[in-house]
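K.L.:
Before I ask anything, here is the structure I am working with.
What follows is calculated from the coordinates using simple rules that are stated; it is not laboratory data. A quick note: this is a predicted structure, and the numbers were derived from the prediction, not measured. Positions of Cβ are generated from backbone atoms using ideal geometry, with glycine treated the same way; all protein chains shown enter the neighbour counts.
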Amino acid sequence: MRVAVIDTGTANLASMLAALRRIGAETELTREPEVVRDAPLVVLPGVGAFGAGMARLNECNLTEAIAARVRGERPFLAVCLGLQMLCLESEETPGVAGIGVLATKVRRFADLHEGARVTVPQLGWNEIVPRPDATLLSHGYAYYANSYYLASIPEGWTGAETEHGVRLVAALERGPMLACQFHPELSGPFGHDLLHRWLARGAAC
Amino acid sequence: MLTTRLIPCLDVDGGRVVKGVKFSSLRDAGDPAERAAAYEAQGADEIVVLDVSATTEGRANATETVRRVRDVLGIPLTVGGGVRRVEDARRLLDAGADKVATNTAAVLEPALLDRLATTFGCQCTVLALDAARTANGFEVVIRSGKERTGRDAVAWAREAAERGAGEIVLTSWDRDGTRSGYDTEMLAAISEAVGVPVVASGGAAHAGHMVDAVRSGASAVLAASILHDGETTVGDLKRALSAAGISVRL
């Protein structure tokens, strides 16, 4: 299967490309709105800052293409900042609009929660606790690298949660769409299996 | 809850893993990609590759090494050694690193950390901090421990985190390669001073040392020679940590 990976201009796409190759996918990098809207399988990776990421998507006219893809429930995978950019806005870059298909805002972790210190960024392996109706996501541990988070699973989606001082969204899913706060491409066998399930489901669409 | 990470560290020179004591007397310890894959299979949470080669030729090899490791590795990869400019970091990230560590260059020019964090994000910007004990505290050392700076390590850690370092790999120059345990006082002082994760490095001989490091504030523990020499495995160490009540991914 061929997977189009959106080239957001931020550097390390290599991990995502390597992980997709390991599950047997062929990969292509793209910045073409038509490809992003219509390709069978599309990945929005995400490393970097919210404002810079949105600026890049806007420059390439990709914002509307991604929104159309999500509204059409086409096979799609968003990771980390990719998930956050689907939201309305982020405390990371106030005043910059996100893609807006998730009606929620992205918040920053506070350093202190009820007196207990948590490290920011959250760097490392944390639990994935799926809702009973999740079908792509399973229980396990995955690798996170984030200072910002979504507080709850938006209406119309299911998914999984985790905890880092506060409860936060670990991932969202809806049909062939998967949006992870953690990095499946860096999450060992757990991530490998999840990517595989997403690919299989998307390929069947 | 975030689990404690166990991170094998591969010092690489000319495309081979080497291991030294106090940053010198290097000996061969295998192929980096094979080593990294084996450690992932044992349950490693992340891999650090430090390019310790001193030549331009060695540097070019390092990029190729990162590429080879990335192809087989399904867990995070941090790469350090010779990162002096944003472009050096970009080269390593393009080759497959997930995080880039900088050491001497950041001490000589702290604004490098701001630039790395602005360009790639703080989750990608790692400070490798080498420090040695003094009569009344901890001093930053650079150039692989050859040069003392007179800078207070705690103050430098704090400044680096403010500038955008999202993680600190703290190596005790007194303990590195000695197998006498991590410097837990140094770990406590630095983790107390910063809100970013601190990785303990230098001196581990067994799981007990790792337990001490975590209780002193470390978010992760680095190990090299005890793994390379085959004395123990990542899996055994993590099971011992778990038995001591430390949350790990098993």
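K.L.:
If you take each beta carbon of peptide A:173-186 and count the beta carbons of other chains within 10 angstrom, what is the mean? Before the final figure, lay out the partial values.
P.N.:
Numbers: counts 0, 0, 0, 0, 0, 0, 0, 0, 0, 0, 3, 1, 4, 7.
Whole-number average of other-chain Cβ neighbours for A:173-186 is 1.
K.L.:
How far apart, in nm, are two points set 7 Å out from the Cα along the Cα-to-Cβ line at B:ARG115 and at A:ARG2?
P.N.:
In this crude label model, B:ARG115 to A:ARG2 measures out at 3.9 nm.
K.L.:
Quantify how strongly other chains surround peptide B:120-128 by giving the mean number of their Cβ atoms within 10 Å of each of its Cβ atoms. Can you show the working numbers first?
P.N.:
On the way: counts 6, 16, 6, 12, 7, 0, 1, 0, 0.
Whole-number average of other-chain Cβ neighbours for B:120-128 is 5.
K.L.:
Just grab the label-to-label distance for B:VAL86 and A:ALA110, each label 7 Å out from Cα along the Cβ direction, in nm (one decimal).
P.N.:
3.4 nm
K.L.:
Please state, as a whole number in µm²/s, the translational diffusion coefficient that the Stokes-Einstein equation yields for chain A at 4 °C and 1.567 mPa s, with Rh defined as the Kirkwood radius across alpha carbon pairs.
P.N.:
D = 78 µm²/s.
K.L.:
Using Cα-only point scatterers and the Debye equation, what is log10 of I(q)/I(0) for the protein assembly as shown at each q in 0.08, 0.09, 0.13 Å⁻¹, rounded to two decimals?
P.N.:
-0.42, -0.54, -1.14
K.L.:
Under 10 Å, Cα contacts only: if you run a Gaussian network model on chain B, which one of B:ALA218, B:ALA132, B:ALA62 comes out with the highest mean-square fluctuation?
P.N.:
Residue with maximal mean-square fluctuation among B:ALA218, B:ALA132, B:ALA62: B:ALA132.
K.L.:
Give me the mean projected area, in nm² to one decimal, of the convex hull enclosing the Cα positions of chain B. The partial results should precede the final answer.
P.N.:
Details: hull surface 46.9 nm².
The orientation-averaged projected area of the Cα hull of chain B comes to 11.7 nm².
K.L.:
I'd like the mean, over residues of A:120-131, of how many other protein chain beta carbons sit within 10 Å of each residue's own Cβ. Could you put the intermediate results ahead of the total?
P.N.:
Numbers: counts 7, 9, 3, 15, 13, 12, 5, 5, 0, 0, 0, 0.
For this peptide, the per-residue mean of nearby foreign Cβ atoms is 6.
K.L.:
A further question on this structure: Given the protein assembly as shown, what percent of its DSSP beta bridges are antiparallel, to the nearest 5? Let's see the in-between values first.
P.N.:
Details: 37 of 84 bridges.
DSSP beta bridges in the protein assembly as shown are roughly 45 percent antiparallel.
K.L.:
Between A:GLY48, A:GLY159, A:GLY95, where does the largest GNM mean-square fluctuation fall for chain A, given springs only between Cα atoms within less than 10 Å?
P.N.:
Greatest mean-square fluctuation among the candidates belongs to A:GLY95.
K.L.:
For chain A, set up a GNM with springs between Cα atoms under 10 Å and report which of A:ARG69, A:ARG167, A:ARG56 has the largest fluctuation.
P.N.:
Greatest mean-square fluctuation among the candidates belongs to A:ARG167.
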